[in-house]
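The structure under discussion appears below in the form of C-alpha cells.
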Amino acid sequence: MANNWILGIMKYMKEYDHKKIENKWQKEWEKKEIYHAKDQKGQNKKPKYYSLIEFPYPSGDGLHVGHPRPYIGMDVISRKRRLQGYNVLYPIGWDAFGLPTENFAIKTGKDPRIVTKKNSDTFRRQIQSLGISFDWSREINTTDPRYYKWTQWIFLQFLKKGLAYKAKMTINWCPKDKIGLANEEVVDGCCERCGTAVEKREKEQWMLAITKYADRLHKDLDDVDYLPQIKLGQRNWIGKSEGAEIDFPVVNPRVKRFLILHGRSSTPKDNFYPWLKMELESKGFKVEVPEMPGRGEPNDIEQADFVEKNCTLNKETVIVGHSMGGLVALRLLERGIKVHGVVFLATPITGRFLDGKVRSSVTAAAVRGFDYEKIKKQADFFKILSDSTDSVVSQEDGKILAKNLGSFYQAFPGNEPHFSGKEEPEVLSYLLPNIKVFTTRPDTIFGATYLVLAPENPYVQSRMGISENKTEIEKYLIETKKKDEITRLNTEKEKTGVELKGLKVINPATNEEIPVWVADYVLAGYGTGAIMAVPGHDERDFQFAKKYDLPIRRVVEPIQIVTEGESAVKNDQSFVKRNAVCAVVRNPKDNTYLCSSWKAFKMNGLITGGVEEGEDMIEAAKREVYEETGYKNLRLVTNPDFAIQNKFYHRVKKQNRWARFQYMFFDLVDESRDQISEEENQIHDIVWVKKEELKNFFTVIEGQFILDLIDNPNYIFLGRGILHHSQKFDDMDSEQAKKEIIKFVGGKEKTIFKLRDWIFSRQRYWGEPIPVINCQKCGLVPVSEKDLPVELPKVKNYQPTDSGESPLANITKWVNVKCPKCKGKAKRETDTMPNWAGSSWYYLRYTDPKNSKAFADNKNLKYWLGNDPRHGGVNWYNGGNEHTTLHLLYSRFWHKFLFDLKLVPTNEPYMKRTSHGLILAEGGEKMSKSKGNVVNPDDIVKRYGADTLRVYEMFMGPFDQAIAWSEEAIIGPRRFLEKVWRIGEKILTSSNFSALRPSLEYKGGTLGQLKIERSLNLINLLHKTIKKVTEDIEGMNFNTAISSMMILSTEMDKAESVTREDFKIFLQILSPFAPHITEELWNMLGEKKSINLSEWPKHDENLIKDEEVKIVVQINGKLRTEIFVKANENEEDVKRKVLKDENVLRHIAGKEIKRVIYVKNRLVNIVI
RNA sequence: GCCCGAGUGGCGGAACUGGUAUACGCGCACGACUUAAAAUCGUGUCUCGUAAGGGAUGUGGGUUCGAUUCCCACCUCGGGCACCA
C-alpha cells in the first residue's frame, strides 16, 4: 500500500510544473472559500485581524509588476496571521472614478462604465493569477451606484452638520484638463497630472471643513502606530504653529472729533451711544451726540437742518450716522459740507419711512436717490457698516429697490453687507481700527519696526482712498494680481512692496509709531494676512528692510552658559552683571585677526573686557585692545549692535558673572604698537590668526557667531536667547517671555494651521454627483436620503464645457428637477466629487460590502475595527508613499467625522500604517506605458510562476525602498523553489533520505542529548530560521527572511537525511511567500487539510542555543584568530585558552599586555 | 533654503544594543555531468601582496580596546516642504 503510494508519487514527481500547481490550488482555494473572512463573532472564537492595502485604480494599461508588491507583502502578513489563528479580513476593490478613464472616454467616446468594467476584469484576472489571499467575495467598486450611494450619503451628513459648504474661491484651474485642482494637486504651479501651468479662476466651489479637525488630526497621531516619517508628513501638512494675535492700533492724527447722529427710533435707548461716547473720549477725542428733533416720524431734511445749525462740522470730524442718522449725514454732505469721513451704521432697524413703506436705512437711502458723486467728494472716506442683506431685495417691490440699492452700493465699493450689527467692539474697531497680526515670535515685538499687509488684505482696499500714494498702491496691487503663482511663490526673487503712506500704527510694546507696507511676501490666506515685521530676527523681513531701508533692531541675543570646567557656573550663587565689549580686530594687510591665547588654561578667544561706568562702548573696546596688545590705531568698521550674553564663573573674582559682550569690528590702521605691561604679558599670548583657522582656534562658543558675522554681514540671530532693548523684559529668556509679552500688549494666544479647507467639487463627469438641488426659492436643498443614489446619467459627450461646468450641465433631462422642498423648478448640482471621496471610507465598506440599509452594519464595524475608540481600527494598512499625506489625512478626517456621529466605533481608521517602495523599470525610471518600459506580470507568471514572482518581489530589496526590476535576478528565487521541490522529491522517493527520524528524541530535549550530528545541526538551523522568519515578517524584512530560508534549503539539500516533520515546518514558514508550491508539497506529504489551516510553527529556545560558540580573538582591535569554546564558558577559562593560542602568542611575543577585553560568547580583545 | 532618508564588491543588498564587514541572490571564472550546448551540481570571487601582513563601508576629523553603527564638518543622490511670520 505504502509502496504503491510512493510509486504513484514517483511517477508524478519529476519536475516542478508551476503552471499546473498554481492553477490547481487557486481553484481549490476559491472553491473551499479558504480566504473568506467570517463576520460573526459567535461563529468563530478566533481573534480578528484586518489587513489592508490601498485598492488600485484599474487603469487601461493593466497591471505591471510594481502593483503587486504591496499586495504580496500584506499577503505574507495575512497568511501568517491565519496560521497564527486569526480570522483575517484581507479585502480588495477598485478605486475606479478618476481622470484617466474620463480622458479616455473624451478621446474615444466610450462609456467609462464599460471601460472600467473591462479594466477591472483584467486587473482581477491578473491579481488572481498571483495567488494573493484576498477575500474576493467582498470586492467593491467606487463607481458602483450601490457603493457611491453611501459616498453621497456621507456627504449629506457633512452638509447637515455644516461641514460642507459652498464658497467663492480663487481656484487653481488647469486649462488643459479643464478642471479645478485642489492645492495639493498643484505641483510647482503646474497640474499634477498633465504638467500644464495652472491658472487662477474665481469659482463657486463645494468645500469640506477639514480645518475644523486640524487639531485632532494633529494630536491623535500620538495614538497610532505609523512609521515616523508618515507621522511627520501628516504633521507638516497640517502645519500647526503656536503663536499670538496682536492688535496694532491705527494712528490717524487728522481725526479729532466724532459727531454721533441718532437713528430714527434709537433714542439713547440703550448703552450704545453712552458707551461709544465714553470709549472715544477715553482715547482723547471730542464727541458730540446731539439730541435730534422729530423722533417717531423722522424727517431727514429737518434733522439735517438741525445738525447744520447746532453742531461742529469740519475736516477733522467723523460723522457716525446710525441708521436714520446715516441719511442725515448723506443730506449734509449733499449740501456741500465737508467732513473727514462718514461711518454709516446701517443696523437692522426697519421702519415706516416718508414714502410710507417699511425698509431699512440703507434701503431708504437707496430710495432717496442721493447725488453720490457729490457726496463722495465731501469726505475722505465713506464707510457703510451694513447687515442689510434683507434689503437687497425689498419685501414689497423688490426689483426696483434692488436696482436702486445696487447703485447705492456701486457708489461705495467694498461696502457690501458684512456687519453683524451686534457687537459694539466691532463698531469701535471701525472707528478706531486695529491691524491684527499673527506671530509665532511675540518675544521679538520690541524689534517690530513696521507692519506688512498682504495685497489681498481687505484693509488695504478700505484704506487706499485716503493714502497719499493711492496710485502707487493701486499700481502695485494690479501688478501682484497679474503675477502668477509661480513667480509669486518663488523665494529666490527679490521682495517687493509699497508703503501705505500716511498710515501709521502703534507698536503696542514700544508705543512707537511704525509704518505700514503692502507686500506680496505676506500671504493673505495665512494667519490674519498681516505680519509685524521684525527684521532683526526674521530673514524675510530682514531682506525687505534692507531693500527699503527700514530700521532693523536686534532684540534677542544668543546666550552661552559655561557648564564645564573651572569656569562652570556655580549653581548656588547669584550673578553679577557686567557690560563688556569684544573687539574683532582685523589686519587688512594679510587678513588675520587679533586673538589672545591664555597661558594659564586652554582658552583661545578675542580681545574682551569690561566697560567702565559711563564709558563709551567703542572707546572701551579701543582701550582694551591697547591695554592688552599695545595696538594704537584702530578704525571702527562696523558696530552691528550684536551681542552675546555669557554666563560663567569668574575664576579670579570668584563670582558668577553674567556679561553682555557687544561685538565691534575694527581694522588696523597701521601696525604701530606700544609695549604692554609685564602683567598683561603673563596672562596671555597675542596671536594673529588667519580667517580660515579661526574655526579651529576658538575654544569658546561665541566663535561660531563671530564667524557668521564675518562671513555674512547680514547675519541675524533666529534662535532662542536673552531679550535686549525690550524694556522691562530685558534679560528674560525669549521663550519664557512669550506669554508675558502677549499679556503685556493685550494679545491673544492662538494656534493656527497651514491646512486649508478641502475643495471638494470637480467640474467633471466621472465622479460621484454631489447630491444637492439648487432651487431659486429655497436655495441649496439636499437630495433626500431616500432618493440616493443620484446616479450618473449617460451622456454623449464627456468633454467639460469651456465655462468650466461639468458635461452633466448639458443633460437637461437630468438637471431639471422639482425642488424637494417647494416642488418648484430647480436644477441639480452638476459638480462631482474628487476621487479622494470614494477612497476616504472604502475600508468601512469591506466589513459589510452588500449592505443596502447602511454604509456598513454597526455590528460588523465593531467586530472588524474593534470597540475601543482609542485603540481600534484596521490592524495594518500598507500603501504607497505618495498617499501618506493626502489620502491618509482625508480618510482620517472622514473617519473622525463619522466617529463624532457615532457611526463608527473608533476615533482613528488605521492602527498601523507602513509604506512600500516603488518598483522601477530596469533603468531606474518609473514604469509607464508611455515610456514603454512596463513589465507585465503575466509574462513572469507564465515563465517562472507566481510563486517565483512573489518570492522575487519580496527578496529583491528592502520593502520600503524603491528598487529597479531585474529580469536577470529573478532566476535566483526560481532556483530556490526548485531546490525546495527537489528536497520534497527526495523525501518522497528516497527512504534513505527520510528514514532517520530522531524527532521523538529531540522534542523538548536539548541538543546535547542528540547523537546524530547532521540532523542536530539542521534542527538547530531550522529553529533559528523559524525564529528569524517569524520576526522578520513582522518588521517587513521579507528579504532577510527569504535569505535565511535559502540557507536552510541549501543545508537540507546537502543533508544526508531530512525528516518529514522538519521539512513540513519549513514548508509552513515558506508558505506565506510561496503558497502554491508549499501547498502542493504539503499535500503530497500526505496532509489532507490545506497548509493554510495548519498552525504556525514556534521555535524551541533550547534548540537554538549553540553548544559551542566561536570566540573572535582580536589584538588591538584587529582580528587575529578565532577559537571555539563551550557556550557561556567561564571568562577566565576563555582568556586562558586564548593566551595559549599560537597565533596569539606570535603576535604578543615580547610585548606587554595592557588590558584584555572580554565580551561573552563573542570576543576577546587583547590590548598591547 | 528648510526637514527627512540614503551612500557598503561588477550589480540588488546583509550586519543584533558599538564586537569576525561584504550574509543571501545575480553576474563572472573554473571544475563535474554531456559528443556538444543548455539546465543542474560543486568550487572560487572586495583589494594590494608569493607570503607574513596591509588597505577598504561617500570624504575629512573625533570619541572608543574596538565604529558601516555614536558625535562634528563637508560632498553626492533620493524624497517631502517651500516667503506658513
| request: Starting at the first residue of region A:201-217, write each ³J(HN,Hα) from the Karplus equation 6.51 cos²θ - 1.76 cosθ + 1.60 with θ = phi - 60°, in whole Hz, x for Gly and Pro. | output: 9, 8, 7, 6, 10, 6, 10, 10, 7, 5, 5, 5, 9, 3, 5, 5, 4
| About its Cα centre, what dipole magnitude does region A:838-914 give when the only charges are +1 on Lys and Arg Cβ and -1 on Asp and Glu Cβ, stated in debye to the nearest 20? | 140
| task | Using θ = phi - 60° and the Karplus relation 6.51 cos²θ - 1.76 cosθ + 1.60, list the HN-Hα couplings for region A:896-906 in order, rounded to whole Hz, with x at every Gly or Pro. | result | 5, 4, 5, 5, 5, 8, 6, 9, 10, x, 10
| query | Roughly how tilted is helix A:1060-1070, in degrees to the nearest 10 and between 0 and 90, from the longest Cα axis of chain A? | reply | 20
| Counting pairs on different chains as well as pairs 8 or more places apart, how many Lys pairs in region A:18-72 have Cα atoms under 19 Å apart? | 8
| said: Can you give me the accessible area per residue for region A:1103-1164, using a 1.4 Å probe, in Å²? | reply: 71
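Within region A:624-666, report the trypsin sites (Lys or Arg not before Pro) that DSSP leaves as loop and that have at most 15 other Cβ atoms within 10 Å.
A:LYS632, A:ARG651, A:LYS653, A:LYS654
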| remark: Computed over chain A: longest principal axis from alpha-carbon atoms vs helix A:734-744 long axis, angle to nearest 10 degrees, is 40
| request: Please work out whether region A:74-178 counts as rounded, prolate or oblate from its C-alpha gyration tensor, where a ≥ b ≥ c are the square roots of the eigenvalues and a/c under 1.5 means rounded, while otherwise a/b larger than b/c means prolate and anything else oblate? | output: oblate
| note | With the charge dipole of region A:1070-1150 built from beta-carbon charges (+1 for Lys and Arg, -1 for Asp and Glu) about the Cα centre, the Cα from A:LEU1145, A:GLY1086, A:ASN1128 projecting farthest to the positive end belongs to A:LEU1145
| task | Name the shape class, rounded, prolate or oblate, that the alpha-carbon gyration tensor gives for region A:874-960, where a ≥ b ≥ c are the square roots of its eigenvalues, rounded holds for a/c under 1.5, and otherwise prolate holds if a/b is larger than b/c and oblate otherwise. | result | prolate
| note | For chain A, whose charge dipole is built from +1 on Lys and Arg Cβ atoms and -1 on Asp and Glu Cβ atoms, the candidate among A:TRP153, A:VAL951, A:ILE970 with its Cα farthest towards the positive end is A:TRP153
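With +1 on each Lys and Arg Cβ and -1 on each Asp and Glu Cβ, how big is the dipole of chain A about its Cα centre, in debye rounded to the nearest 20?
Details: 180 positive and 161 negative charges, 888 e Å.
So the dipole magnitude of chain A works out to roughly 4260 debye.
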| message | Taking the 0 to 90 degree range and rounding to the nearest ten, how far is the long axis of helix A:112-128 tilted relative to the main principal axis of chain A, both from C-alpha atoms? | response | 30
| What does chain A give for Rg and for Dmax, in Å, if only its C-alpha atoms count? | 40.3, 128
| For chain A, calculated [θ]222 nm from helices alone, where every DSSP H run of n ≥ 4 adds -39500 (n - 2.57) | -10500 deg cm²/dmol
| said: Considering only protein heavy atoms and a probe of 1.4 Å, how much of the accessible area of chain A is carbon and sulfur, as a whole percent? | reply: 49
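Let a ≥ b ≥ c be the square roots of the eigenvalues of the Cα gyration tensor of region A:543-635; is it rounded (a/c under 1.5), or, if not, prolate (a/b larger than b/c) or oblate? Could the numbers behind the result be given before it?
On the way: a/c = 1.68, a/b = 1.15, b/c = 1.47.
Oblate shape, in that a/c is at least 1.5 and b/c is the bigger or equal ratio.
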| Hey, got a sec? Which trypsin sites (Lys or Arg not before Pro) in region A:778-871 land in a DSSP loop and have at most 12 other Cβ atoms within 10 Å? | A:LYS794, A:LYS796, A:LYS823, A:LYS850, A:LYS853, A:ARG870
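Counting only heavy atoms of protein chains, what accessible area per residue, in Å², does region A:12-92 have with a probe of 1.4 Å?
The answer is 43 Å² per residue.
Suppose every Lys and Arg Cβ carries +1 and every Asp and Glu Cβ carries -1, with no other charges. What dipole size does region A:589-679 come out with about its Cα centre, to the nearest 20 debye?
Working: 14 positive and 16 negative charges, 133 e Å.
Value, rounded to 20: 640 debye.
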| note | HN-Hα couplings for region A:326-343 via Karplus (6.51, -1.76, 1.60; θ = phi - 60°), in whole Hz with x for Gly/Pro, come out as x, 5, 4, 4, 4, 4, 4, 5, 4, 7, x, 7, 9, 9, 6, x, 10, 10
| Hey, if you put +1 on the Cβ of every Lys and Arg and -1 on every Asp and Glu Cβ in chain A, which of A:GLY60, A:TYR35, A:ALA105 ends up farthest toward the positive end of that dipole? | A:TYR35
| task | Taking all protein chains together and a probe of 1.4 Å, list A:CYS822, A:CYS595 from the most accessible to the least accessible. | result | A:CYS822, A:CYS595
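The values are calculated or read from the model by the stated rules, or taken from the named source; none is laboratory data. Remember, predicted model here, so these are calculated numbers, not experimental data. Here Cβ is always computed from backbone atoms with ideal geometry, including for glycine, and neighbour counts include all displayed protein chains. The accessibility values were calculated without ligands, DNA or RNA, using every heavy atom of the protein model including side chains. Shrake-Rupley method; radii C 1.70, N 1.55, O 1.52, S 1.80 Å.
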